[in-house]
Amino acid sequence: IRAISSIFPNSYFVWVRRDLAETVYSILESRKKLCIPENNWWGIRPPNYKKKLSLNEIERVIWQVKEVENIIERDLEKSEKKWIVIDYKDLCNDPISELKKTAKTFEMRTYLKPLKDLVPNSFKYSTHRHTELYNLIKEKI
């Protein structure tokens, strides 16, 4: 956040926040599809990530997601920039309402009319709540 703010001084931030277990599940599934070995780090490397290399893959990804979210939250709270947090599920279920809320926050209401014609009423929101892996993640969170 700090680096982007310094490069783009007039920036606004929209944090689309997803359910922790769903995010972890998605990352683990992507790792599997891309054949990333369990002991390899993949994705954003938060400070002190090397100290977490000994964790098992699920615990490491849970730590990674939590740590990245903590950094985003800390940086946004310290920032003088305008920002908003949107729930991923809400965005999928009712993108028009989320766009309206965002436009109001950033005082950009004039952009709503053209976007409304381009955005569907909803997007498919995938959930993995009935899988063994998802249940295992929930236990560890």
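Details
- Only one of R129, R74 that is within 27 Å of V24 (Cα to Cα) and at pLDDT 90 or above: R74
- When S5, S30 are checked against the criterion of being open to solvent by less than 60 Å² (accessible area, probe 1.4 Å), farther than 22 Å from Y134 by Cα and part of a helix (DSSP H, G or I), a single residue qualifies: S5.
- Just one of the listed residues (K113, K138, K101) is within 22 Å of L28 (Cβ to Cβ) and either out of contact with any Pro (no Cβ under 8 Å at 6 or more places or on another chain) or in a helix (DSSP H, G or I) (or both), and it is K138.
- Of all residues in the stretch 94-141, those satisfying the criterion of being among the aromatic types (F, W, Y) and under 19 Å from the mean Cα position of the chain (by Cα) are F123, Y125, Y134.
- Pair list, Cβ under 6 Å, 6 or more apart: the stretch 36-53 residue surrounded by 14 or more Cβ atoms within 10 Å (Cβ to Cβ), other residue acidic (D, E): P46/E67
- Subset of the stretch 68-117 (residues that are open to solvent by less than 50 Å² (accessible area, probe 1.4 Å) and without any contact (Cβ under 8 Å) to a residue 12 or more places away in the chain): A103
- Residues satisfying the stated conditions in the stretch 18-42, i.e. in contact with a Ser or Thr (Cβ under 9 Å, 6 or more places away or on another chain) and not aromatic (F, W, Y): R18, D19, E22, S26, I36
The values are calculated or read from the model by the stated rules, or taken from the named source; none is laboratory data. Quick caveat, the model's predicted, so the values are computed rather than measured. Cβ coordinates were reconstructed from backbone atoms using ideal geometry, including for glycine residues, and neighbour counts include every protein chain displayed. These area figures cover heavy atoms from the full protein model, side chains too; ligands, DNA and RNA do not enter into them. Shrake-Rupley method; radii C 1.70, N 1.55, O 1.52, S 1.80 Å.
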